[in-house]
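The values are calculated or read from the model by the stated rules, or taken from the named source; none is laboratory data. Predicted, not measured: the structure shown is a model, and the values here were computed from it. Note that we place each Cβ from the backbone using ideal geometry, even for glycine, and neighbour counts take in every protein chain shown.
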Amino acid sequence: MISVVVPTYNEEQNIERCLQSLADQTVPREAYEIIVVDGNSKDRTRELAEPLADRVFVQTSKRVGGARNDGAMASAGDIIATTDADCILPRDWVERIAKNFEEREIVQLYGTVYPIEGGFRNHLSLSGANAFSRLGYHTRTIYFTLGCNTAFDREAFVRAGMYRCIDAGDDLEIAQRMRKLGKVYLDPDLAVGFSMRRYQQFGTLKSISEWLYIVLRGGDAGGVSYSQREYR
């Protein structure tokens with residue numbers, strides 16, 4: 001059993017597309033479960049998610065890392081996968097995750113991203129992100145384990161302490177703890193469609209610089225935070 005955890009907040013424009021891509025996988029539907037953990041949305045997110053997910057509930061922990069933790073604790077899978085509500089998952093996503101864990105002795109798996117929206121700038125931005133991810137992996141300096149496309153061995157995930165409930169960088173920070181328990185593996189062909197909407201809204205350079213600033217501060221933005229603008 002693979003458990004897929006999807007954190008949400010006011011995602012009525014995107015949640016159906018995401019969950020429909022998750023429902024249309026190459027493996028039997030009973031081989032995985034979909035858990036939506038909502039940040040008490042003010043729109044129809046939970047209503048739209050109900051028919052497509054196995055379980056939908058409001059998170060009790062803080063921030064997006066806490067939502068992922070809540071979903072993991074409510075799950076039944078030996079493997080816990082996470083993605084975002086504005087992503088589109090390829091049909092073989094769950095199958096590739098299962099195959100990687102079957103064939104490799106790993107505690108965490110992650111992949112790459114491509115832009116859902118068109119445009120040269122979007123493709124260039126994510127091509128750079130993927131190149132950075134590969135460089136970090138092969139040099140063993142940083143694991144660019146984005147929460148929109150990663151999976152964990154359940155036992156190791158819990159033993160590592162799960163996600164930190166911080167403003168940003170929780171999905172990169174956890175890899176530093178997971179690597180102490182076993183191998184963290186990058187599958188470059190495990191690719192998901194990633195929405196560039198926030199980069200388009202706030203500007204790519206501004207968004208990246210703000211994210212880096214928060215990560216370097218240890219995830220705590222203070223004052224008006226990244227998480228308030230994006231996730232609760």
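Give me a count of the residues in region 115-135 that are outside any helix (DSSP H, G or I) and in contact with a helix residue (DSSP H, G or I) (Cβ under 6 Å, 6 or more places away or on another chain).
The qualifying residues number 1.
Sort through Ala81, Ala72 and tell me the only one that's among the small types (Gly, Ala, Ser) and part of a helix (DSSP H, G or I).
Ala72
Condition first: among the aliphatic types (A, V, I, L, M) and modelled with pLDDT under 95. Can you find one or more residues in region 70-88 that meet it?
no
Any idea which of (1) part of a helix (DSSP H, G or I); (2) out of contact with any strand residue (DSSP E or B) (no Cβ under 7 Å at 6 or more places or on another chain); (3) crowded, with 24+ Cβ neighbours inside 10 Å; (4) not basic (Lys, Arg) is the one Ala67 doesn't satisfy?
Exception for Ala67: condition (2).
Kindly evaluate Ala98 against the criterion of being in a helix (DSSP H, G or I) and closer than 15 Å to Asp187 by Cα.
yes
Give Thr145, Thr150 a once-over and let me know the one that is buried (at least 21 other Cβ atoms within 10 Å of the Cβ) and at pLDDT 95 or above.
Thr150
Between a residue in region 81-102 that is closer than 20 Å to Tyr163 by Cβ and any residue that is of a type in the set (Lys, Arg), which pairs come within a Cβ distance under 6 Å, given they are 6 or more apart or on different chains?
Thr82/Arg68
Results for (1) exposed (fewer than 14 other Cβ atoms within 10 Å of the Cβ); (2) in a helix (DSSP H, G or I); (3) at positive phi; (4) at pLDDT 85 or above, shown as yes or no for each residue.
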| position | (1), (2), (3), (4) |
| --- | --- |
| Tyr110 | no, no, no, yes |
| Ala156 | no, yes, no, yes |
| Arg164 | no, no, no, yes |
| Glu173 | no, yes, no, yes |
| Arg198 | no, yes, no, no |
